[in-house]
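Throughout, read-outs are computed from the coordinates displayed, never taken from laboratory work. A quick note: this is a predicted structure, and the numbers were derived from the prediction, not measured. Please note: Cβ atoms are built from the backbone with ideal geometry, for glycine as well, and neighbour counts cover all protein chains shown.
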Amino acid sequence: MLKKLAIKNFALIEELTLEPGPGLNVFTGETGAGKSIIISALGFLLGERAGSDILRPGSALTEVCGEFSAAGLERELLESFGLLGGSFTLKRQSDSKGRARAFIDARQVPLSRVSALGSALVDFHGQNEHQSLLKTEVQRALLDRYGRLEKQAGAVREAFLRAQALRGRLEAVSMSETERERLLDLYRFQLKEITDAALKSGEEAELETLYPRLKNAEKLFLLSNAAYELIAGSEGAARGNLEKALEKLKTLGELDEGAPALAARLETALIEVCDISEELYKYSKGLDTDPGRLDACLSRLEKISSLKKKYGSDENAVAEKGAELENKIAELEDLSLDRAEAQKALEKSEALLLGLARSLHAARSAAALKLAAQTKNEASDLGFKELRFEAAVEAEEGNISSYGMDAVEYLFSANPGYPLRPLRFTASGGEMSRLMLALKTVLAAADRIGALVFDEVDTGVGAVTGRLVGQKLRRLASEKQIFCITHLPQVAAFADKHFIVEKISLKKSSTVTARELSAADRTAEIARMLGGKQKSSAQAVKHAAELLAESRQAEG
């Protein structure tokens, strides 16, 4: 569970701290107030990719920090991250150059570690997930997650890759000796080119920073040296004159106690001038004006560019290509299996793959029946009285992939008398929102993720259905911590904690704030949402109070 979220210099947010509670945490506010920015900041903290626009203009560093409770998390998971206490913190930073750092309990870790932990803490349901549910690969992944079939699916994937490797080996032993030698010569040449270059991770970025400094070294030296000469390089320079002026002011103070106390101020300024002159001296002396260094830097950059065009997008990708070439060379040099042995090994591997794929198909088919039944049950609480829903699992034994032999498709019909058809052809926006919530509710009971984020799950639904959505979220919140952005007062009325998000326009910028609402403020906000006006009517306030009272009765 997320106990505290602190955000600094993230997009429009200057500084913001939230303390969500267990249960249903609702965020409301005017359109464009910045509600989704808070959810984006939480996603950034938990390892999601971030664009260059996350840093607040004029800021040097963005930082998001979260405090989490370890309660309910699997012990094995906590131990794998070295988390032995009752709570822990995550922190992620990014500067103006896009350099990022991530921390778990103040220990700097790779971003991939934070991302792995984050995926076990919070499940995000964003505004674009309605569309992702239309993809059959997403439907298959949801089915596997519901049925806890990830290990079975992983075994199929491993068996498929083994069979694929043996198929390649069979092709290798079947090739002619001339072709084998040709490939060996090519791979050895490519590997030598990569090995001789000895690229280092981040080297290109360092050289791109160094190159303009080497290119302009002479100009930089002349400018810095000229500045040094004006400050401290000769008898008439600024430093010497300031020292003389300081002596005069000290004498002035000794002779006249009523004279302005300027000596101390000038002495402070002189210290700063001395520091500047020394830094200028060191800077100018440290410049590398050797033309050979410039040529070497440019040559190295050209070499890296050439290798990237041939082998990968960056230094790491080039290194990975080198490792791939080493494996290919080893395979071609060690063709100890003859064709008959290779064929026998492949047949054995393919038989194992087929058996695993059939077993996975049976498990998916069983899980699909349960998923459909539970989804229909949950959807009936969301206004789907005549819903028919099916997770169809069709086996294609002649088309086994790393995902198995199954084509998974969710079929849907909301109206009696209409045949089941794929979701992408039938469901409206409002139906997709409610169906996704029903699926999330079913999946939430099947996994151990402690928090769910719903960014406008009520898209496309009206007041009556909105109340049903609010009731569903409230029931789900009895088992999970829920974060929900909503525009519907019928949903907001069910909140355990209600936060209002506001955008404040300043003279030269804007900032986003959020605060938890008191009971009175909450009634006023619900009234605003009902009336759509900044200042609500007495009738809207009365309606808001009734809505809140009804939600409490519904919970009871």
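Structure values in brief
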quantity	calculated
Of Ser551, Pro212, His125, farthest towards positive along the dipole that unit charges on Lys, Arg, Asp, Glu beta carbons give the chain	Ser551
Per-residue Cβ neighbour rank within 10 angstrom, fewest leading, Met529, Met436	Met436, Met529
Cα-centred dipole magnitude for region 119-234, charges only on beta-carbon of K, R (+1) and D, E (-1), debye, nearest 20	520
Net dipole in debye of the chain [+1 Lys, Arg Cβ; -1 Asp, Glu Cβ; about Cα centre; nearest 20]	1780
Dipole of the chain [Lys/Arg +1, Asp/Glu -1 at C-beta], most positive-end residue of Leu111, Leu199, Val173	Leu111
Residue exposure sequence - Lys344, Lys8 - by fewest surrounding Cβ within 10 Å	Lys344, Lys8
Within region 152-181, backbone nitrogen closer than 11 Å to the virtual label 7 Å beyond the Cα of Lys344 toward Cβ	none
Lys, Arg +1 and Asp, Glu -1 on Cβ, resulting dipole of region 204-304 about Cα centre, debye, nearest 20	280
Highest average packing first - 440-449, 276-285, Cβ atoms within 10 Å	440-449, 276-285
The chain - percent relative contact order, Cα under 8 Å, separation 6 or more	23
Mean shadow area of region 432-497, taken as a quarter of the surface of its Cα convex hull (nm²)	3.9
Listed peptides 503-511, 515-523 by packing density, highest first (mean Cβ within 10 Å)	515-523, 503-511
Projected area averaged over orientations for region 204-304, convex hull of C-alpha atoms, nm²	7.9
Histogram of C-alpha separations across region 465-556, 5 Å bin width, %	3, 13, 22, 23, 18, 10, 6, 3, 1, 0
Approximate shape of the chain as ellipsoid semi-axes (Cα gyration tensor, √5λ), whole Å, largest first	55, 46, 18
Cα radius of gyration and Dmax for region 245-344 (Å)	33.9, 109
Relative packing of peptides 452-459, 108-115 - highest average C-beta neighbours within 10 Å first	452-459, 108-115
Inter-label distance for Arg107 and Thr268, nm, one decimal - labels placed 7 Å from Cα along Cα-to-Cβ	4.5
